Amino acid sequence: MTSKALARVVADAVLIGACIGAGARTVAWPRAWTLLAVMLVVRAWSVAAVRLAHPTLLRERARLPIHRDQPRADRLLVAAVLALGFLALPAVAAADAARWRLLAPVPAGVAVVGLTAFAAGWVIKGLALRANAFAVAEVRVQRERHAVVTSGVYGVVRHPFYAADPLIFVGQALWLGSWTAAALAVAPTALVVVRLVLEERLLRRELPGYTAYAARVRHRLVPGVW
């Protein structure tokens, strides 16, 4: 179980690294290797944390995020978010930083803030998975055992797993040195918001206690904002 989850983490890093390398047209780029190392370390920690708390969930999350039994609309949304946010965006950031240079260079201090945001996004995802045994990849209510989770990061916003995505998208773009890619992060972020809204409708309709939880934890994605 753990080995499959770690294999998925490594495979994801290789795929993202390939996108960055294709965009930059080189693999000799320390910033790219640093980005991948940070992601590997944080996600490996997440695997260990989830294994201790919810081994069944770890098995679910080790699978590919798109399944045959998902609703078609959800499959399309997940595929679009993955393609735009985790594959196209780092490729564009690398191409812009290495070759296009469409906007001014990203200052070193801002780039470090970007790497910090990138790492924080993956940490938040790990904390969300550790807190929520029902955080499977597809949008569905697990009728046999599903319950509202209110502890940990779910006491701050209702969708912390999704809240991490903009940090990852923008953070990786800034660390790689592309204002253009950081601005383009609005596209996958918008798709994340669409999926969140659709999931909220399902949870309010079918999960007992969710409406009361939403009244207590008022913000969906960003504390104090929305």
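The values are calculated or read from the model by the stated rules, or taken from the named source; none is laboratory data. Predicted model only: the values in this text are computed from it and were never measured. Backbone-built Cβ (ideal geometry, glycine too); neighbour counts: all protein chains shown. These accessible areas exclude ligands, DNA and RNA; they are computed on the full protein's heavy atoms, side chains included. Shrake-Rupley method; radii C 1.70, N 1.55, O 1.52, S 1.80 Å.
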* If you average 1/r over all unlike Cα pairs in segment 1-58 and invert the result, what Kirkwood radius do you get in angstrom? -> 12.2
* In segment 11-60, what trypsin sites (Lys or Arg not before Pro) fall in a loop by DSSP, with at most 12 other Cβ atoms inside 10 Å? -> R25
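Counting only protein heavy atoms and a 1.4 Å probe, tell me what percentage of the chain's accessible area is made up of carbon and sulfur.
The computed percentage sits at 67.
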* **CD proxy at 222 nm, helix term only [per DSSP H run n ≥ 4: -39500 (n - 2.57); per residue of the chain; nearest 500]** => -21000 deg cm²/dmol
* Asked: Out of these labelled values of Kirkwood radius over Cα pairs in Å, (i) 19.0; (ii) 17.6; (iii) 18.1, which was calculated from the coordinates shown here?
  -> (iii)
* Asked: Taking springs between alpha-carbon atoms closer than 10 angstrom, which of S151, S178, S46 fluctuates most in the Gaussian network model of the chain?
  -> S151
* Could you work out how far helix 2-24 tilts from the main Cα principal axis of the chain, as a 0 to 90 degree angle to the nearest 10? => 40
* Accessible area per residue in Å² at 1.4 Å probe, computed on the chain -> 49
* Calculate one ³J(HN,Hα) per residue across segment 108-121 by plugging θ = phi - 60° into the Karplus curve 6.51 cos²θ - 1.76 cosθ + 1.60, and present them in order as whole Hz with x for glycine and proline. => 4, x, 5, 4, 5, 4, x, 5, 5, 5, 4, 5, 4, x
* Distance from a point 7 Å along Cα→Cβ of A147 to each backbone N in segment 20-51: keep the residues under 20 Å and list them by number. => 50-51
